[in-house]
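Heads up, the thing below is written out as structure tokens.
The values are calculated or read from the model by the stated rules, or taken from the named source; none is laboratory data. Just so it is clear, the model here is predicted, and its values are computed rather than measured. Reconstructed Cβ throughout: ideal geometry from the backbone, glycine too, with neighbour counts over all protein chains shown. Side chains included, ligands, DNA and RNA excluded: accessible areas come from the protein's heavy atoms. Shrake-Rupley method; radii C 1.70, N 1.55, O 1.52, S 1.80 Å.
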Amino acid sequence: MLGLWALWPPPEGKSQARLGSAPSTQPANVKYVIKFNPGPLYLPGVVPENSDKPIEGIAKVGKAFEALYPDTKIEFIGVPGDVREWLVTSLSSGEAPDVVQINVEDVWQDIQKHWYLPLDKYYDSPNPFAKPGAPGSVKWWDMFKYPIPTRGTMAPDGHMYCITLDMIETGIFYNKTLFKKLGLHEPKNWSEFIQIQKVIKEHGITPTVIDRQSLADWGVDLTFYQIYEPLRDLMDLNYDPKRGEYMHGYLDWDELIFLHDKGFFTPADPRWQEVWRILKEWRPYLSQDLNPIGTDFMQQFVTQKAAMLWGHSMMVSRLVNDPNLGFEWGLFYLPPITKEYSRFATGVDQCVIGGSAMQYTVTNHAWSDSPNDPDKSERLKRVIAFLQFLTTPENCDKVVNEQIALLPNIKGVEPHKELMKFDEILQRHYAMTKWFFTFDNQWDEVLMRELELFLNDGIDREDFVRVLEKDLERTTKRITERKDLDIDRFQKVWDERAKMRKQFSGLPNDGK
Amino acid sequence: MTESSTPLSDTTDATGPGGPVLAYTTLRETARSRSLIDHIAASASLYAMLIPTFLLLALFCLVPFVIAIWRSFQEYEVGGTAKFVGLANYREYLFHDYTFLQSFGNMIFLTLFAVICVMIVPLIVAKLIFSLTSERASYIYRILFLIPIIVPNVAIFLIWRGVIYGDDGLLNLVSRALHLPLPAHGWFSTPSTVLWAIAFIGFPFAGGINILIYYAGLTSIPDSVHEAAELDGAIGLRKFFTIDVPMVMSQIKLLVMLTIIGGVQAFEGVYILTGGGPGFRSLVPGLWMYDNAFKFQRMGYACAIGVILFLLILALTIFNMRYFRSAEQLQGQTR
């Protein structure tokens, strides 16, 4: 009886909202069921934090598209667990969704396997859903509001593999009320930032909370930028004009490998040592535990146990919609490191570390009806058409502005006013490289783990840099083999820059 | 002489000049084959019923197992091409992987800790329940100790994580509130305490099926043994160590073996609690295998780690079977 009771279906109207859209119970005229993974933020049925209304924006856009294309059904699906692990297995079996939201750096890891579709030719063609004369009517590319950060998703092979519907950026959320009470203000430079945290700590409050992955990702990249920025022209061995000034100085993995061979990012590189010194000096002002499994750093911030939270724009809605928030909050960006704090720094403004948020990539499943020739695939035409439809201003507005989380990347769609500060940050220069994500998956793991160990006094700086060096040796060898890279081609550029190198002190191997 | 050794001697004889001996041997072989065929034919329907189970077992257990061994000799990435590399994956893991010693050390520590716990605490609790004079109370306690097994492991790990978590964990909050000498710190994030923090998950290690297994062992000890022991003056702790413990040796052996296998294979607890960190201070080989397979896409390398773990479990099982004597063997010795 108990079993029967447990298995009895719930009465109509009492069942929970379904995540995603209903599976394919499509009418007979539907020939194409497009599976679309919109990412966790836009998945229909998801109820955002501090809200009681399930997400429905993208489902409405899907319905409108189905009305235009009666032979097509758009099915929105979620991803179980870690997107990359799930995607790799489903892609290798040909069962992946047609469009998936995945960090483009993860796509770069596998571009040589031809799992993903280069979208360049579509970007350069008109978007048929753009109004005549409006942006996009000549080139789809013209519709994107932040073209420079959008271009930042270009893969090292020079192709664009994703459509970026929106932008994200990081920032330091701070307790304005507490700052006022303690007589503190937004810091103008790193020394002030450290000083502020010292004062907060003396009052028994955790100054800043950030998790270990974000620290290994954003923390390392921003500190790296501050220390290596003066060497930007010297180190950027393969300047790509297509990426523009925004990514001038960006180091792809092949450049990193060559520079590593020249002694950069090794124990012999004083700048590399300096990056870790700065992060270590920051450590006493971070939460005791950097590993967030099972914990919620935002909770520590809203309950005023922590004065600052290094987070991102997706966290804003939680603060805005919190009826019990007992303080005023503000936002600033990580301040620059000046020469007084580090002999290698110049006090240049901090760079952008965010950029493209929901990155929609077309997988090989989209042309499964014509596996050898995507151009002949009817299915792919509908997939591209839906992406084009999604990026019209009205549809982007419906999807992105349904919640206060991300900044629309389509011209003519304004972000929520609470996100405008992030808009300002996005105007800055991009990071010089992204050590985490773009380089090698095992390297990410080693960097994150060993950095945590180093910061928690489990290993000294000498040993830490040695461990990193050991793994960089392995990583560079593996990437060169996997990607079949020609590293030696940079030697000529390097030789030509011999004079330039003489201008800088503290280069590894005396700049040879 | 057993029947199986007969054909060899018959065949040896048949090589000699005696023709009738050869004829006799062939006849006997044929008769035995026929009897085996007849036997199979008679039980055909029973064998047929076993086929689906066997096929599924082969499909989902044996075939992947063989493929994993084959893959361990390849450099293979999901979606990429496979390249035969011989023993390179094994060599790399055993001699060049910086996690090898650390992760095996961690695994041995956690497994030994679990083995010691499983040998002591549940046995004591089972003995206490067994010693209750009230049948009703004994039943209630058995149920109470069994209830925790309905909680999923992941939930248990997350609850414990909440208890031990650095800044605001229950342990630290209580420690601060009561001004205990226990210093409040990140138990999982401090390299020197992380393994102990993981090992103590599940404290006081008294819940679950282990108690029932020991309890079943204790109830199977014949009353005559208890009576004889008491007549010889063995009571209390002496009786426990000289009668109960040897008589539940089969259960101890089973639980030790299961704990070792679980300890070598396990990684979900470490994955949830620390992810193997800080650094690699709490990494176990199973987690590294998982990372290599699904995060780093080094499927061949992950298979090599898996094969090494399999060989380790096999060796430990053989060792356990050979050197841990069961109650039955002990009884056989005393007869």
Given (1) outside the structural domain of B:Ile252 (by TED's automatic domain parsing); (2) open to solvent by less than 60 Å² (accessible area, probe 1.4 Å), B:Gly105 misses just (1)
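Yes or no, residue by residue, for (1) of a type outside the set (D, E, K, R); (2) over 15 Å from the mean Cα position of the chain (by Cα); (3) part of a helix (DSSP H, G or I):
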| position | (1), (2), (3) |
| --- | --- |
| B:Pro278 | yes, yes, no |
| B:Leu283 | yes, yes, no |
| B:Tyr290 | yes, yes, yes |
| B:Ala304 | yes, yes, yes |
| B:Leu312 | yes, no, yes |
| B:Met321 | yes, no, yes |
- Query: If we scan segment B:231-238, do we find a residue that is farther than 20 Å from B:Phe319 by Cα and crowded, with 19+ Cβ neighbours inside 10 Å?
  - Reply: no
Residues of segment A:187-211 being touching a residue at least 40 places away in the same chain (Cβ under 8 Å) and open to solvent by less than 20 Å² (accessible area, probe 1.4 Å), in sequence order, are A:Pro187, A:Trp190, A:Phe193, A:Gln197, A:Ile200, A:Pro207, A:Thr208, A:Val209, A:Ile210
Result of the Cβ filter at 6 Å on segment A:395-415, keeping first residues that are within 20 Å of A:Gly354 (Cα to Cα) and partners that are open to solvent by 20 Å² or more (accessible area, probe 1.4 Å) and basic (Lys, Arg), at least 6 apart or interchain, is A:Asn409/A:Lys145; A:Ile410/A:Lys145; A:Lys411/A:Lys145
(1) more than 16 Å from A:Tyr122 (Cα to Cα); (2) in contact with a helix residue (DSSP H, G or I) (Cβ under 6 Å, 6 or more places away or on another chain); (3) open to solvent by 20 Å² or more (accessible area, probe 1.4 Å); (4) modelled with pLDDT of 95 or more all hold for A:Asn401 apart from (2)
With the first residue restricted to segment A:124-146 and required to be in a strand (DSSP E or B), and the second required to be open to solvent by less than 30 Å² (accessible area, probe 1.4 Å) and not β-branched (Val, Ile, Thr), Cβ contacts under 6 Å at 6 or more apart or on different chains are A:Phe144/A:Asn409
Of those in segment A:362-376 that are buried (at least 19 other Cβ atoms within 10 Å of the Cβ) and either modelled with pLDDT of 95 or more or small (Gly, Ala, Ser) (or both), the residue farthest from A:Ser313 (Cα to Cα) is A:Ala366
Only one of B:Ser189, B:Ser220 is within 14 Å of chain A (Cβ to nearest Cβ) and of a type in the set (S, T, N, Q), namely B:Ser189
Here the residues within segment A:26-85 that are hydrophobic (A, V, I, L, M, F, W, C), in a loop (DSSP other than H, G, I, E, B) and either touching a residue at least 24 places away in the same chain (Cβ under 8 Å) or closer than 18 Å to A:Thr391 by Cα (or both) are A:Val30, A:Leu41, A:Leu43, A:Val46, A:Val47, A:Ile55, A:Ile77, A:Val79
Picked from segment A:103-134 (must be within 14 Å of another protein chain (Cβ to nearest Cβ) and within 21 Å of A:Arg382 (Cα to Cα)), the residue most open to solvent (accessible area, probe 1.4 Å) is A:His114
For segment A:420-438, pairs from a residue that is within 12 Å of A:Pro149 (Cα to Cα) to a residue that is open to solvent by 40 Å² or more (accessible area, probe 1.4 Å), with Cβ under 8 Å and 6 or more apart or across chains, are A:Arg428/A:Asp349; A:His429/A:Glu245; A:His429/A:Asp349; A:Tyr430/A:Ile148
Checked segment A:409-442 for anything within 15 Å of the chain's Cα centre (by Cα) and either over 25 Å from A:Asp106 (Cα atoms) or not in a helix (DSSP H, G or I) (or both); matches are A:Asn409, A:Leu426, A:Tyr430, A:Ala431, A:Met432, A:Thr433, A:Lys434, A:Phe439
Those helices (runs of 4 or more DSSP H) completely within segment A:228-333 that have 2 or more residues that are more than 14 Å from chain B (Cβ to nearest Cβ) and closer than 27 Å to A:Arg461 by Cβ are A:232-235, A:253-261, A:270-282
How many residues of segment B:226-242 are among the aliphatic types (A, V, I, L, M) and within 22 Å of B:Met119 (Cβ to Cβ)? The answer is 3
ask   = Just to be sure, is B:Ile164 at pLDDT below 85, under 28 Å from the mean Cα position of the chain (by Cα) and assigned by TED's automatic domain parsing to the domain that holds B:Asn106?
value = yes
Note: among B:Leu180, B:Leu173, just one is of a type in the set (A, V, I, L, M) and over 21 Å from A:Ser287 (Cβ atoms), namely B:Leu180
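Conditions (1) touching a residue at least 12 places away in the same chain (Cβ under 8 Å); (2) touching a helix residue (DSSP H, G or I) at 6+ places or on another chain (Cβ under 7 Å); (3) closer than 19 Å to A:Glu481 by Cα; (4) assigned to a loop (DSSP other than H, G, I, E, B), marked per residue:
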| position | (1), (2), (3), (4) |
| --- | --- |
| B:Leu36 | no, no, no, no |
| B:His39 | no, no, no, no |
| B:Leu46 | no, no, no, no |
| B:Pro52 | no, no, no, no |
| B:Phe60 | no, no, no, no |
| B:Pro64 | no, no, no, no |
| B:Val78 | yes, yes, yes, yes |
| B:Gly86 | yes, no, yes, yes |
| B:Tyr90 | yes, yes, no, no |
>> Being within 14 Å of chain A (Cβ to nearest Cβ), part of a helix (DSSP H, G or I) and either of a type in the set (Val, Ile, Thr) or open to solvent by 30 Å² or more (accessible area, probe 1.4 Å) (or both) is the requirement here; does B:Leu146 meet it?
In response: no
Residues of segment A:81-99 being away from chain B (no Cβ under 11 Å) and either in contact with a Gly (Cβ under 9 Å, 6 or more places away or on another chain) or over 11 Å from A:Asn37 (Cβ atoms) (or both), in sequence order, are A:Val83, A:Glu95
Pairing a residue in segment B:288-310 that is open to solvent by 30 Å² or more (accessible area, probe 1.4 Å) with any residue that is β-branched (Val, Ile, Thr) and assigned to a helix (DSSP H, G or I), where Cβ atoms lie under 8 Å and the two sit 6 or more apart in sequence or on different chains, gives B:Met289/B:Ile305; B:Phe294/A:Val88; B:Phe294/A:Thr89
For segment B:214-224, the count of residues that are open to solvent by less than 40 Å² (accessible area, probe 1.4 Å) and among the aliphatic types (A, V, I, L, M) equals 2
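Residue by residue, here is whether (1) of a type outside the set (Ser, Thr, Tyr); (2) in contact with a Gly (Cβ under 6 Å, 6 or more places away or on another chain); (3) not assigned by TED's automatic domain parsing to the domain that holds A:Asn103 holds:
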site	(1), (2), (3)
A:Trp367	yes, no, no
A:Pro371	yes, no, no
A:Lys417	yes, no, yes
A:Thr433	no, no, yes
A:Trp443	yes, no, yes
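So that you can scan it fast, the table gives a plain yes or no per residue for (1) open to solvent by 40 Å² or more (accessible area, probe 1.4 Å); (2) part of a helix (DSSP H, G or I):
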residue	(1), (2)
A:Leu451	no, yes
A:Arg466	yes, yes
A:Arg474	yes, yes
A:Gly506	no, no
**Prompt:** Is it the case that some residue within segment B:194-202 is in contact (Cβ under 8 Å) with a residue 40 or more places away in the chain and in a loop (DSSP other than H, G, I, E, B)?
**Reply:** yes
